[in-house]
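Visitor: First the structure, then my questions, so here it is.
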Amino acid sequence: MKIHEFQAKELMAARGIPVPHGEMVTTVAEAMAAVAPLVEAAGNPVVAVKSQIHAGGRGKGHFAEYPELGGVNVVLDGIEGGLEATKRRVGELAGRMLGSTLVTVQTGPEGKKVNRLYIEQGIDIDRELYLSIVLDRSSSKNIVMASTEGGTEIEVVAEETPEKILKAEIDPGLGLLDFQARELAFGLGLEGAALKNGVRFIKALSEAAVELDTDLIEINPLVVAKDGSVLALDGKMSFEANALYRHPEVQDMRDLSEENAAEIEASGYGISFIKLDGTIGCMVNGAGLAMATMDIIKYVGGEPANFLDVGGGAEKDQVTAAFKIITRDPNVKGIFVNIFGGIMKCDTIAQGIVDAVAEVGLAMPLVVRLEGTNVDLGKQILDESGLNILSAADMKDGAQKILEATQA
Amino acid sequence: MSVLVNKDTKVIVQGMGKTGRFHTDRAIAYGTQMVGAVHPSRAGQTELFEGETDHSGVPGRGDSYNLELPIFRTVKEAVAATGATVSVVYVPPPFAADAIMEAADAGLELIVCITEGIPVTDMVKAKSYLGYHSSRLVGPNCPGVITPRECKIGIMPGYIHEAGRIGVVSRSGTLTYEAVHQLTQVGLGQTTAIGIGGDPVNGTDFIDCLRMFNEDPATEGVIMIGEIGGTAEEEAAAWISGHMTKPVAGFIAGSTAPAGKRMGHAGAIISGGKGTAADKITALEEAGVTIAPTPTDMGAAMLEAMDR
């Protein structure tokens, strides 16, 4: 689960991890009202107006409605014009940014609507660094990654100058040890007050990662200010779905408006669904088989409209819900059901299909491939239903049949 | 011969809820030697299993079974009383990592964890704990381990399997069934089929299984089924190049998966441009693995690899 930057900073601040002062706003009036207290508290006339969406690359992104306007704007007007000039400019920016569509490398061409802004104090930056905590699958441990190349994409650094990425494993029992945090801080070239603050920051962040069950914490950039303080100028956090049950405060941060409505509905039925751009809807049991079904549709020359795993113990309700979700996509021209019944019996699935079609109707071709437990019973139910269902001998046969049917 | 489990393997079960009970019943019907269950609050009781024998399983049995499975408080007590060497874990996600560690502390040789949805942090701890115990973990979030006609541990349908010549190792559940079904259809059968699970942190990996199959005299070839995410397939490819003496076929799911999206399994995600199907297929092909172009061709790919 992803959260916004302002929420990540809230979680960090609550754990003593230094972040700049800021205020989340949803209207122009709130944006303007946020300025004075921030400037006063920070003693710095500069503020930043930052779009809050669940996607990276905001700084380099642009609004569809205002191509010259980026997703993150630093307001310098206050340096000469004073507080009123800052407020005016923030109000102007907020008026254009709120409700507009931000397109970044991570949003896709359709972009994301900006519903929230974060107004943040300016920082006198000395250096920009990179810090993240992520699971390393090879060692089965969380690792801290740090780099002097802050502000740039870490994938690029990893590709071009891998020696500039420092790593330390977090021991699952002991946590990140003091000397490891020191080594990382030395490696980042920190000295004096910044060294002390950096060590403290790295330790606290590693503790937060374990405590909060994060998938990823990424601070890019981590900044060293001119006064030697070390702060998270940006903050990205995502959480591991399996552990959310023990973090109600994080669950409350979920922003459903940032997620796909069909995917949310599907998850309510225990269905794992991801919308794609093709025309052939798929309903499959098992994640691996669902991916393989998409692959085989593509292999025969079609385009899958979705990934859909109905789960291992699906019953009629799941099948009906899956049908509704698939057919709601206006791009879908046909459906391929591919079931290898193990625990799930083919007759249960077949009955689910028949009932679902009776309930939601079927205005497009349907190809069903059944294999596994009670397969003959399942096929019999489909045959006797009187519905226009094409039966497939195997996956490839099914993929070809649905492709032909949708092209006819 | 086979790997990990055979007709003499004695198995206990941790987790006697609806799922655990259902699959314990299926295992007993198949002929697996289930010898006990662990339940902290039901110790001293027994759980009754009765029904019709699954004749696709261990041969030479009657048409029905009737078994009073004893329940123990702890894994240690269950092991002491039954001599079990394997535990299968169906404990719900919040408690599953603890169940794995309890089984490891009791000295079991093999722990098969079926549970899906265990927090990664818990598995990171359990994996670290296993580092100083001798137990082997298979899973979590996997269908289990089966040696056809001898021992079925997990949730796979028994009847699609047939005793034979091929070792199967897979990150995916239903895709394993697909592979097993095709191997049975083409007449190759299986020595042992191992589901290693779809989570980012798991016990046994591809290389462990490849090594076991390479050393097993009965196994003549191996099929490995991978998916997007992580680098386990690439690491397996490197090991195959250096060590594998038997033919290997493979399939990788997720060629069409979009980046940054978790495809059902926690571990199946392309992140930062890493873990794509194309990278994995290239690595495996370079290591001499025969890749099935589609999931319908897995049996054919295995036959082709055997003929090479």
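Visitor: A:N115: under 28 Å from B:Y129 (Cα atoms) and in contact with a Ser or Thr (Cβ under 9 Å, 6 or more places away or on another chain), yes or no? Talk me through it step by step, then tell me what you get.
Guide: Numbers: under 28 Å from B:Y129 (Cα atoms): no; in contact with a Ser or Thr (Cβ under 9 Å, 6 or more places away or on another chain): yes.
Answer is no for this residue.
Visitor: What do you reckon, is B:A249 touching a residue at least 12 places away in the same chain (Cβ under 8 Å), of a type in the set (G, A, S) and touching a Ser or Thr at 6+ places or on another chain (Cβ under 9 Å)?
Guide: Yes.
Visitor: Quick one: A:A305 ticks every box in (1) among the aliphatic types (A, V, I, L, M); (2) surrounded by 22 or more Cβ atoms within 10 Å (Cβ to Cβ); (3) under 20 Å from A:D215 (Cβ atoms); (4) more than 9 Å from chain B (Cβ to nearest Cβ) bar one, so which box is it?
Guide: (3)
Visitor: Hey, can you tell me all the residues within segment B:236-275 that are at pLDDT below 95 and more than 24 Å from A:N242 (Cβ to Cβ)?
Guide: Result: B:S255, B:T256, B:G273.
Visitor: Hey, does segment A:157-173 have a residue that's in a helix (DSSP H, G or I), surrounded by 20 or more Cβ atoms within 10 Å (Cβ to Cβ) and under 22 Å from the mean Cα position of the chain (by Cα)?
Guide: As a first pass, look at segment A:157-173 and keep what is in a helix (DSSP H, G or I): A:157-160, A:162-164.
Now drop any that are not surrounded by 20 or more Cβ atoms within 10 Å (Cβ to Cβ), which leaves none.
So far as segment A:157-173 goes, no, none of its residues is in a helix (DSSP H, G or I), surrounded by 20 or more Cβ atoms within 10 Å (Cβ to Cβ) and under 22 Å from the mean Cα position of the chain (by Cα).
Visitor: Return only the number of the condition from (1) at pLDDT 95 or above; (2) in contact with a Lys or Arg (Cβ under 6 Å, 6 or more places away or on another chain); (3) not polar (S, T, N, Q) that A:K50 does not satisfy.
Guide: Only one criterion is unmet by A:K50, namely (2).
Visitor: So in segment A:103-136, with the set limited to residues that are in contact with a Gly (Cβ under 9 Å, 6 or more places away or on another chain) and modelled with pLDDT under 90, which one is nearest to the other protein chains (Cβ to nearest Cβ)?
Guide: A:Q106
Visitor: Among the residues of segment A:353-360, are any within 14 Å of chain B (Cβ to nearest Cβ), more than 21 Å from B:T184 (Cβ to Cβ), within 33 Å of the chain's Cα centre (by Cα) and touching a residue at least 40 places away in the same chain (Cβ under 8 Å)?
Guide: Within segment A:353-360 (the criterion being within 14 Å of chain B (Cβ to nearest Cβ), more than 21 Å from B:T184 (Cβ to Cβ), within 33 Å of the chain's Cα centre (by Cα) and touching a residue at least 40 places away in the same chain (Cβ under 8 Å)), the answer is no, since none of the residues qualifies.
Visitor: Would you call A:D376 within 14 Å of chain B (Cβ to nearest Cβ), out of contact with any Ser or Thr (no Cβ under 8 Å at 6 or more places or on another chain) and surrounded by fewer than 17 Cβ atoms within 10 Å (Cβ to Cβ)?
Guide: Considered against the rule, which asks whether it is within 14 Å of chain B (Cβ to nearest Cβ), out of contact with any Ser or Thr (no Cβ under 8 Å at 6 or more places or on another chain) and surrounded by fewer than 17 Cβ atoms within 10 Å (Cβ to Cβ), A:D376 comes out as yes.
Visitor: Scan segment B:159-170 and give yes if some residue there is at the interface with chain A (Cβ under 9 Å from one of its Cβ atoms) and without any contact (Cβ under 8 Å) to a residue 12 or more places away in the chain, otherwise no. So that I can check it myself, show each step before the final result.
Guide: Step one: filter segment B:159-170 for residues at the interface with chain A (Cβ under 9 Å from one of its Cβ atoms), giving B:159-160, B:170.
Next, from what is left, pick out any that are without any contact (Cβ under 8 Å) to a residue 12 or more places away in the chain: none.
No; the residues of segment B:159-170 include none that is at the interface with chain A (Cβ under 9 Å from one of its Cβ atoms) and without any contact (Cβ under 8 Å) to a residue 12 or more places away in the chain.
Visitor: Which count do you get for residues in segment B:121-156 that are under 30 Å from A:C346 (Cβ atoms), within 8 Å of chain A (Cβ to nearest Cβ) and either surrounded by fewer than 24 Cβ atoms within 10 Å (Cβ to Cβ) or among the aliphatic types (A, V, I, L, M) (or both)?
Guide: Of the residues in that region, 2 qualify.
Visitor: Take the conditions outside any strand (DSSP E or B), in contact (Cβ under 8 Å) with a residue 60 or more places away in the chain and either under 21 Å from A:V19 (Cβ atoms) or under 19 Å from the mean Cα position of the chain (by Cα) (or both) and apply them to A:G150. Does it pass?
Guide: In short, yes.
Visitor: Check whether at least one residue in segment A:325-335 is of a type in the set (K, R), without any contact (Cβ under 8 Å) to a residue 40 or more places away in the chain and either farther than 21 Å from A:A363 by Cβ or more than 9 Å from chain B (Cβ to nearest Cβ) (or both), and report yes or no.
Guide: Within segment A:325-335, not a single residue is of a type in the set (K, R), without any contact (Cβ under 8 Å) to a residue 40 or more places away in the chain and either farther than 21 Å from A:A363 by Cβ or more than 9 Å from chain B (Cβ to nearest Cβ) (or both).
The values are calculated or read from the model by the stated rules, or taken from the named source; none is laboratory data. All values reported here derive from a predicted model rather than from experimental measurement. So basically every Cβ, Gly included, is an ideal-geometry build from the backbone, and we count neighbours across all protein chains shown.
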